[in-house]
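Trainee: Supplied in structure tokens, the structure appears directly below.
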Number of protein chains: 2
Amino acid sequence: MTLFHERGYDGVGVAELAKEIGINPPSLYAAFGSKLGLFERAVERYADKDGGFITDVLDRSRNPEEAIRELFLQAADSFAADRRCPGCLVMDGARNSTDPDASALTATLRGKTRGAIAAWLAGQGLHDAGPLADALMIALAGLSAAARDGMPKDNLHAAAEVMSEGIIGRLEPAA
Amino acid sequence: MTLFHERGYDGVGVAELAKEIGINPPSLYAAFGSKLGLFERAVERYADKDGGFITDVLDRSRNPEEAIRELFLQAADSFAADRRCPGCLVMDGARNSTDPDASALTATLRGKTRGAIAAWLAGQGLHDAGPLADALMIALAGLSAAARDGMPKDNLHAAAEVMSEGIIGRLEPAA
DNA sequence: TGAAATAATTAGTGATCGCTATATAATTCG
DNA sequence: CGAATTATATAGCGATCACTAATTATTTCA
């Protein structure tokens with residue numbers, strides 16, 4: 001998972017993945033079926049653990065302002081937590097990959113996240129929950145890209161606050 | 001340039017690049033020195049032509065509100081203009097590349113753009129021009145990522161408007 | 001302990017990578 | 001027209017890719 005996160009799906013080979021796990025390539029294929037199978041397991045684990053803060057924030061927040069603020073704060077924290085593998089594996093783990101299956105895998109997870117956010121916003125009685133969810137996902141994608149481009153944690157935090165407070169200021173109830 | 005834009009630096013081979021130009025690999029090396037040399041030329045051309053709207057907007061705008069609004073609008077237009085090569089070549093052309101030189105090339109151009117935006121904002125007498133420039137760059141990176149992930153032009157526009165108006169609403173003069 | 005089943009390792013498959021030495025064709029000049 | 005020069009194209013260099021057949025080592029039970 002760390003290797004995929006660090007260098008992307010195409011950037012790491014099966015030999016190195018097996019070595020990191022402590023097995024040989026044939027054992028990797030016996031256990032996961034293919035490189036893509038291992039990637040699927042890694043991405044799902046990442047979404048469950050590292051990406052769990054998203055559903056947690058939505059569950060715990062009692063109003064959209066608090067939710068969005070906390071979402072951006074925790075995203076900036078998460079994306080800059082480990083200097084060795086910055087950004088989000090779901091956002092950027094298969095970016096520019098030559099394997100369409102790997103891209104489709106992460107795209108599906110992004111779709112689920114966007115759907116959960118949009119549904120929560122709509123449930124809060126907000127106008128334009130769809131475009132709002134798109135804007136949030138785009139901002140998160142930007143944060144992930146910036147983290148991967150090496151932006152320091154403090155700068156990431158400051159920029160995240162600008163964006164979150166900006167979007168919060170534009171919230172309005174459904175017509 | 002189109003091939004690099006479409007599939008990223010690592011995603012396209014020299015043989016295909018040469019074929020697209022209409023020459024053979026040895027001629028490509030005679031003309032550009034290396035794959036990286038051709039990428040450099042392509043990225044610089046892209047920054048000059050397709051990315052020219054950024055400096056144009058800054059030059060023409062008479063206040064930050066107008067500038068930011070126009071920046072996001074034109075970015076969304078540009079990133080979704082060609083379905084075959086969506087997003088921004090400078091933002092995502094070398095993302096997850098295994099060649100650090102290619103990544104450094106695009107990183108330098110992003111740094112220049114961020115610098116130009118920050119300087120312009122500061123010249124407009126705005127508070128926190130640095131974090132603001134970071135936020136703008138991050139939003140643009142998010143728009144590029146969303147475009148590359150296949151988001152339709154209209155949705156991209158709507159989300160861009162949410163983000164731009166949000167940031168505009170948070171502008172404040174320097175202390 | 002000895003045979004059967006399982007696991008791990010080595011080595012190698014064809015394909016593609018960036019890049020280039022060699023060979024062929026086209027052009028320029030005496 | 002023929003020789004020297006330049007530009008083109010073909011083919012192949014070593015390296016790496018995902019993946020696996022064949023071999024060796026280990027363990028499991030009678």
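Values in this text are rule-based calculations from the coordinates and carry no lab data. Please read these numbers as outputs of a predicted model, since none were measured by experiment. Positions of Cβ are backbone-derived with ideal geometry, glycine not excepted, and every protein chain shown enters the neighbour counts.
Trainee: Just give me the residues in the stretch A:1-59 being surrounded by fewer than 19 Cβ atoms within 10 Å (Cβ to Cβ), within 14 Å of chain B (Cβ to nearest Cβ) and within 9 Å of DNA strand D (Cβ to nearest atom), in sequence order.
Mentor: A:G11, A:G13, A:E16
Trainee: Is it the case that some residue within the stretch B:103-110 is over 16 Å from B:S164 (Cα atoms), within 11 Å of the chain's Cα centre (by Cα), surrounded by fewer than 24 Cβ atoms within 10 Å (Cβ to Cβ) and of a type in the set (A, V, I, L, M, F, W, C)?
Mentor: Scanning the stretch B:103-110 turns up at least one residue that is over 16 Å from B:S164 (Cα atoms), within 11 Å of the chain's Cα centre (by Cα), surrounded by fewer than 24 Cβ atoms within 10 Å (Cβ to Cβ) and of a type in the set (A, V, I, L, M, F, W, C).
Trainee: For A:A133, indicate whether it is within 7 Å of another protein chain (Cβ to nearest Cβ) and of a type in the set (A, V, I, L, M).
Mentor: no
Trainee: Out of all the residues in the stretch A:37-56, is one or more of a type in the set (A, V, I, L, M), under 21 Å from the mean Cα position of the chain (by Cα), over 30 Å from A:A160 (Cα atoms) and within 16 Å of DNA strand C (Cβ to nearest atom)?
Mentor: The answer is yes, given that some residue of the stretch A:37-56 is of a type in the set (A, V, I, L, M), under 21 Å from the mean Cα position of the chain (by Cα), over 30 Å from A:A160 (Cα atoms) and within 16 Å of DNA strand C (Cβ to nearest atom).
Trainee: Kindly list, by first and then second residue, each pair from a residue in the stretch B:158-175 that is more than 7 Å from chain A (Cβ to nearest Cβ) to a residue that is in a helix (DSSP H, G or I) and basic (K, R), limited to pairs with Cβ atoms under 8 Å and residues at least 6 apart or on different chains.
Mentor: That search, which allows pairs on different chains as well, returns B:S164/B:R69; B:I168/B:R69.
Trainee: Moving to a separate point now. Tell me, yes or no, whether the stretch B:97-107 has at least one residue that is part of a helix (DSSP H, G or I) and touching a His at 6+ places or on another chain (Cβ under 6 Å).
Mentor: no
Trainee: In the stretch B:91-112, is there at least one residue being within 11 Å of chain A (Cβ to nearest Cβ), more than 11 Å from DNA strand C (Cβ to nearest atom) and among the acidic types (D, E)?
Mentor: Yes - at least one qualifying residue is present in the stretch B:91-112.
Trainee: Has the stretch B:79-88 got at least one residue that is within 14 Å of another protein chain (Cβ to nearest Cβ) and out of contact with any Ser or Thr (no Cβ under 9 Å at 6 or more places or on another chain)?
Mentor: yes
Trainee: Going through the stretch B:136-150 one residue at a time, which ones are at the interface with chain A (Cβ under 7 Å from one of its Cβ atoms) and not in a helix (DSSP H, G or I)?
Mentor: Hit for the stretch B:136-150 is B:D149, nothing else.
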